[in-house]
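**Student:** There's a structure below that I have some questions on.
The values are calculated or read from the model by the stated rules, or taken from the named source; none is laboratory data. Here the structure is a predicted model, which means the values were calculated and not measured. Cβ placement follows ideal geometry from the backbone for every residue including glycine, while neighbour counts extend to all protein chains displayed.
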């Protein structure tokens, strides 16, 4: 259960949860399965919920915080217009690579936000997040297994 919860956390995600699980001595196969399930959960849910930020910002426009809402919506509009041609050209592969790189500030959470900001369609975003997320698990699992076998 720890591995699953850690796999859902921003920046930690499955890639570091696997290292945690292996370090704790959990079965590698079970750890990989649980972390992979979390990648699927995040990859389907995040792209669905992120658009509701726009709704919140639109509501902010009718309050004393209207400048925040207007600034956000103007920024999002500019980013989408500038990025759309690039995302349509190589965005799917670019998003996979961005998510797969196991560094802080990358991953499924950030990839979801980037895809949303760049206006990538959900039908492209979800598979890119899944593939990238699973690759990130693979990238961190191989060295973790090696270190575990040396120390274990």
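**Student:** So, in the stretch 41-59, exactly how many residues are more than 18 Å from residue 98 (Cβ to Cβ) and assigned to a helix (DSSP H, G or I)? Show your work before the answer.
**Tutor:** Filtering the stretch 41-59 for residues more than 18 Å from residue 98 (Cβ to Cβ) gives 41, 44-45, 48-49, 51-59.
From what is left, the residues that are assigned to a helix (DSSP H, G or I) are 41, 44-45, 48-49, 52-59.
Looking only at that region, the number is 13.
**Student:** Listed residues 36, 71, 77; which is modelled with pLDDT of 90 or more and in a helix (DSSP H, G or I)?
**Tutor:** Among 36, 71, 77, only 36 is modelled with pLDDT of 90 or more and in a helix (DSSP H, G or I).
**Student:** So, one more: Within the stretch 37-62, can you find the residues that are crowded, with 18+ Cβ neighbours inside 10 Å and under 13 Å from the mean Cα position of the chain (by Cα)?
**Tutor:** Result: 38, 39, 42, 43, 46, 47.
**Student:** Return yes when residue 114 is modelled with pLDDT of 80 or more, farther than 19 Å from residue 35 by Cβ and surrounded by 20 or more Cβ atoms within 10 Å (Cβ to Cβ) and no when it is not.
**Tutor:** Working: modelled with pLDDT of 80 or more: yes; farther than 19 Å from residue 35 by Cβ: yes; surrounded by 20 or more Cβ atoms within 10 Å (Cβ to Cβ): yes.
Yes; evaluated as a whole, the condition is true for this residue.
**Student:** Can you say whether residue 62 is over 21 Å from residue 122 (Cβ atoms), touching a helix residue (DSSP H, G or I) at 6+ places or on another chain (Cβ under 6 Å) and either modelled with pLDDT under 90 or in a helix (DSSP H, G or I) (or both), as far as the supplied structure shows?
**Tutor:** On the way: over 21 Å from residue 122 (Cβ atoms): yes; touching a helix residue (DSSP H, G or I) at 6+ places or on another chain (Cβ under 6 Å): no; either modelled with pLDDT under 90 or in a helix (DSSP H, G or I) (or both): yes.
Against the criterion (over 21 Å from residue 122 (Cβ atoms), touching a helix residue (DSSP H, G or I) at 6+ places or on another chain (Cβ under 6 Å) and either modelled with pLDDT under 90 or in a helix (DSSP H, G or I) (or both)), residue 62 does not qualify.
**Student:** Here is a further query. Which of the residues spanning the stretch 9-19 are surrounded by fewer than 20 Cβ atoms within 10 Å (Cβ to Cβ) and at pLDDT 90 or above?
**Tutor:** The answer is 9, and nothing else.
**Student:** In the stretch 36-52, how many residues are touching a residue at least 12 places away in the same chain (Cβ under 8 Å) and either touching a strand residue (DSSP E or B) at 6+ places or on another chain (Cβ under 9 Å) or more than 24 Å from residue 19 (Cα to Cα) (or both)?
**Tutor:** 4
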